[in-house]
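See structure below.
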Amino acid sequence: MQMPSHIALAAHDIACQRGGRTLFQGLSFTLEPGEALLISGPNGTGKTSLLRQIAGLLPLAAGRLTATGAEAGTPVSELCHYVGHLSAIKTSFSVGENLAFWTDFLDADESALPEALAAFGLTPLADLPAGLLSAGQRRKLALSRLFAAPCPIWLLDEPSVSLDTASVKLLDAAIRDHLKTGGIALVSTHVKLKTKFAQELTLGQERAA
Amino acid sequence: MSPALALLVRDVKLAWREGGAIGVALGFYLVVVAIMPFGLGPDLNLLAHIAPGMLWVALLLAALLSADRIFHNDYEDGTLDVLATGPQSLPMVAAIKSLAHWLTTGIPLALMAPVLGLLLNLPLDAMPLLVLTMLAGTPAVSFVAAIGASLTLGLRRSGLLLALLVLPLYVPVLIFGVSTASMAIVGPGSPWPPFLMLCAISLASIVLAPLAAAAALRTAMR
């Protein structure tokens with residue numbers, strides 16, 4: 001299982017601009033090890049943009065992000081697993097090869113591979129070309145990446161889309177286990193999860209008000 | 001396996017499995033060179049004289065055909081996002097992917113050149129040097145193509161725009177590549193000074209092009 005993590009994530013007055021429009025500004029939160037943040041809000045209020053900013057894929061328009069407890073000089077993005085709308089799956093590789101690549105590329109131990117395959121019940125499909133997977137199975141494969149290499153911060157953007165009820169439960173349990181080992185999760189979802197979220201962030205409120 | 005090696009192996013495997021990239025580039029190279037004698041007539045001396053230039057121009061066009069694949073597929077399916085958050089810096093990712101393009105396109109094209117040289121009456125004793133020149137020059141072709149591929153990321157029909165952007169940058173490669181081969185065939189002078197210039201261009205591209213490509217990738221992912 002994963003090593004306990006002691007990393008805390010803090011956002012100080014961050015802002016996001018897309019196409020000259022300010023999506024949000026003055027956003028601050030602090031997540032201690034083992035805490036999860038639920039991000040909600042109507043469509044187009046910047047939920048995905050916030051997660052992509054933390055993953056280092058979008059620039060911050062203002063403010064800063066800090067991770068305390070990590071080795072000095074490690075950018076926040078390297079501590080993150082980002083699972084977004086796109087699955088990052090190579091259709092000409094088998095399910096096992098897809099995961100094995102991520103284990104290698106993210107510099108993790110190869111012994112994590114069987115566990116990662118089993119996490120969402122993909123072990124029987126390991127030799128199947130990923131191009132044959134259904135939408136739900138593709139999503140499970142994308143989520144299995146979370147187990148292919150340990151990272152303290154999980155950024156999950158609508159992780160439950162196209163998952164069946166049983167798999168949503170597995171995902172829910174996976175997030176709880178991650179928090180137990182001191183991990184941090186930021187989840188944007190519209191599905192009710194049993195995971196206890198330490199904090200909630202609703203975007204787009206000031207505009208409605 | 002180290003992250004860098006894992007990415008290189010994956011890219012080479014993908015190019016091999018998906019087949020299209022290598023096959024289309026080699027086929028295009030063959031067809032372009034094969035129709036030249038029909039356009040120029042059966043003057044063997046003329047063909048031998050212009051063979052190095054023809055082979056080089058056709059090689060550049062064939063290499064560009066598969067250049068948009070360097071980043072396009074990974075951009076479309078979200079892999080690039082994950083690669084960017086990984087332990088490797090983005091210039092390193094760009095460099096490894098360009099290297100994979102060279103291994104899967106540059107080397108096969110360079111090795112095919114002497115076979116096509118036969119169609120153009122290229123003197124047999126010039127062939128080893130021609131292959132050597134192409135092996136030395138094609139890294140520049142792949143690495144510079146990566147700049148174009150990253151700049152045109154996310155555009156429809158990016159292939160044509162990519163060619164417009166990148167072909168002018170190939171002029172130095174073309175000049176020194178062709179003059180090395182010409183010096184060897186017709187002289188006068190030694191072929192080595194232009195050959196060393198070609199090596200210098202390749203080395204500079206390997207260092208500088210990934211930085212430019214990474215900057216363009218950052219913009220494309222926004």
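With a requirement of 1 or more residues that are away from chain A (no Cβ under 14 Å), the helices (runs of 4 or more DSSP H) lying completely within segment B:53-139 that satisfy it span B:90-101, B:107-119.
With respect to (1) surrounded by 17 or more Cβ atoms within 10 Å (Cβ to Cβ); (2) within 14 Å of another protein chain (Cβ to nearest Cβ), the lone exception for residue B:33 is condition (2).
Which residue, of A:93, A:101, A:105, is at the interface with chain B (Cβ under 10 Å from one of its Cβ atoms), surrounded by fewer than 21 Cβ atoms within 10 Å (Cβ to Cβ) and over 18 Å from residue A:159 (Cα atoms)? From the options A:93, A:101, A:105, the qualifying one is A:93. Filtering segment A:62-95 to residues that are of a type outside the set (Ser, Thr, Tyr) and closer than 20 Å to residue B:15 by Cα leaves A:88, A:89, A:90, A:93, A:95.
When you look at residue B:14, is it in a helix (DSSP H, G or I), away from chain A (no Cβ under 14 Å) and either surrounded by 15 or more Cβ atoms within 10 Å (Cβ to Cβ) or among the aliphatic types (A, V, I, L, M) (or both), yes or no? Spelling it out, it is not the case that residue B:14 is in a helix (DSSP H, G or I), away from chain A (no Cβ under 14 Å) and either surrounded by 15 or more Cβ atoms within 10 Å (Cβ to Cβ) or among the aliphatic types (A, V, I, L, M) (or both).
Of everything in segment B:70-82 that is surrounded by fewer than 23 Cβ atoms within 10 Å (Cβ to Cβ) and in contact (Cβ under 8 Å) with a residue 60 or more places away in the chain, the residue that is farthest from the chain's Cα centre (by Cα) is B:81. Checking each residue in segment B:162-191 for being of a type in the set (Val, Ile, Thr), out of contact with any Pro (no Cβ under 7 Å at 6 or more places or on another chain) and modelled with pLDDT under 85 picks out only B:186.
Within segment A:138-168, the set of residues being out of contact with any helix residue (DSSP H, G or I) (no Cβ under 7 Å at 6 or more places or on another chain) and farther than 26 Å from residue A:54 by Cβ comprises A:165, A:166. Inspect all residues belonging to segment B:199-221 and state whether any of them is at positive phi and modelled with pLDDT under 95. Within segment B:199-221, not a single residue is at positive phi and modelled with pLDDT under 95.
Test residue B:44 against the criterion of being more than 14 Å from every other protein chain (Cβ to nearest Cβ), surrounded by fewer than 14 Cβ atoms within 10 Å (Cβ to Cβ) and either in contact (Cβ under 8 Å) with a residue 40 or more places away in the chain or more than 17 Å from the chain's Cα centre (by Cα) (or both), and give yes or no.
Numbers: more than 14 Å from every other protein chain (Cβ to nearest Cβ): yes; surrounded by fewer than 14 Cβ atoms within 10 Å (Cβ to Cβ): yes; either in contact (Cβ under 8 Å) with a residue 40 or more places away in the chain or more than 17 Å from the chain's Cα centre (by Cα) (or both): yes.
For residue B:44, the condition - more than 14 Å from every other protein chain (Cβ to nearest Cβ), surrounded by fewer than 14 Cβ atoms within 10 Å (Cβ to Cβ) and either in contact (Cβ under 8 Å) with a residue 40 or more places away in the chain or more than 17 Å from the chain's Cα centre (by Cα) (or both) - is met.
For segment A:72-90, give me each residue that is within 12 Å of another protein chain (Cβ to nearest Cβ) and not aliphatic (A, V, I, L, M). A:74, A:75, A:77, A:78, A:80, A:81, A:82, A:84, A:85, A:87, A:90 - these are the residues of segment A:72-90 that are within 12 Å of another protein chain (Cβ to nearest Cβ) and not aliphatic (A, V, I, L, M). Taken together, A:135, A:118, A:173 contain a single residue that is surrounded by fewer than 15 Cβ atoms within 10 Å (Cβ to Cβ), within 14 Å of another protein chain (Cβ to nearest Cβ), without any contact (Cβ under 8 Å) to a residue 40 or more places away in the chain and farther than 22 Å from residue B:13 by Cα, which is A:135. Only one of the listed residues (A:150, A:124) is closer than 17 Å to residue A:5 by Cβ, out of contact with any Leu (no Cβ under 7 Å at 6 or more places or on another chain) and surrounded by fewer than 20 Cβ atoms within 10 Å (Cβ to Cβ). That residue is A:150.
With the condition being touching a His at 6+ places or on another chain (Cβ under 6 Å) and on the phi > 0 side of the Ramachandran plot, I'd like the strands (runs of 3 or more DSSP E) fully within segment A:1-108 carrying at least 1 qualifying residues.
The qualifying strands (runs of 3 or more DSSP E) are A:62-68.
The values are calculated or read from the model by the stated rules, or taken from the named source; none is laboratory data. This structure is a prediction, so every number in the text was calculated from the model and none was measured. In this analysis, Cβ positions are derived from the backbone assuming ideal geometry, glycine residues included, and neighbour counts consider all displayed protein chains.
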